[in-house]
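The values are calculated or read from the model by the stated rules, or taken from the named source; none is laboratory data. Quick caveat: nothing in here was measured; it's all calculated off a predicted structure. Reconstructed Cβ throughout: ideal geometry from the backbone, glycine too, with neighbour counts over all protein chains shown. These accessible areas exclude ligands, DNA and RNA; they are computed on the full protein's heavy atoms, side chains included. Shrake-Rupley method; radii C 1.70, N 1.55, O 1.52, S 1.80 Å.
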Amino acid sequence: MAPVLAPWQAGREMLCCLYLGALVGALRALAPGRGRGAFLPDAALVGMLLLFLQSYAAGYSDAGSLRWYMAAAGFAGALAAHSLLGPWAGRAWRLVLGPWRILARRCLVPARGALRAARQARRARKAAKTAAENQKKSLQNQPHLLYNSNV
């Protein structure tokens with residue numbers, strides 16, 4: 001049976017788990033917040049949080065095992081850090097990626113359009129060449145005579 005902890009020991013463990021959760025929540029704030037791109041970071045960071053909490057519980061905790069209040073404190077820390085740092089991280093990413101988006105709009109989109117037009121022209125030339133090679137007269141098929149027919 002697991003030992004019963006004093007309230008100050010449980011409080012210290014909750015504080016440590018809150019810190020670990022805040023660390024994972026800060027990492028999560030750097031990833032996309034919505035859409036399909038948010039599923040993989042969510043799943044990975046929930047797994048990372050559980051790994052951190054289990055490691056802490058096995059190695060440093062006075063209880064020796066992961067308890068419900070440790071998991072609750074970890075997830076509360078992650079939620080608090082993500083909600084505090086998420087908007088700031090989004091703005092920072094917009095500042096960092098702003099020049100790249102301008103570059104993409106000015107250079108890459110016209111280049112992609114030119115490549116698409118060249119590909120369509122190449123396909124049209126190939127189709128015209130194939131049609132020119134296959135300009136044979138198609139003769140009417142002779143019906144086959146049946147063997148031993150009485151016609």
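Hey, could you check the range 48-62 for residues that are in a loop (DSSP other than H, G, I, E, B) and surrounded by fewer than 15 Cβ atoms within 10 Å (Cβ to Cβ) and say which is farthest from the chain's Cα centre (by Cα)?
Checked the range 48-62; the qualifying residue farthest from the chain's Cα centre (by Cα) is Asp62.
Which one of Arg12, Arg101 is at pLDDT 75 or above and basic (Lys, Arg)?
Result: Arg101 is the single residue among Arg12, Arg101 that is at pLDDT 75 or above and basic (Lys, Arg).
Of all residues in the range 70-114, which are under 30 Å from Phe52 (Cα atoms) and open to solvent by less than 30 Å² (accessible area, probe 1.4 Å)?
If the condition is that a residue be under 30 Å from Phe52 (Cα atoms) and open to solvent by less than 30 Å² (accessible area, probe 1.4 Å), then Met70, Ala71, Ala73, Gly74, Gly77, Ala78, Ala81, Gly86, Ala89, Gly90 are the ones that fit.
What number of residues in the range 9-37 are small (Gly, Ala, Ser), part of a helix (DSSP H, G or I) and loosely packed, with under 15 Cβ neighbours inside 10 Å?
Looking only at that region, the number is 2.
Quick one: what pairs do we get from the range 70-83, first residue part of a helix (DSSP H, G or I), second open to solvent by 10 Å² or more (accessible area, probe 1.4 Å) and of a type in the set (Gly, Ala, Ser), C-beta under 7 Å, 6+ apart or different chains?
Gly77/Ala22; Ala78/Ala22; Ala80/Ala22; Ala81/Ala22; Ala81/Ala26
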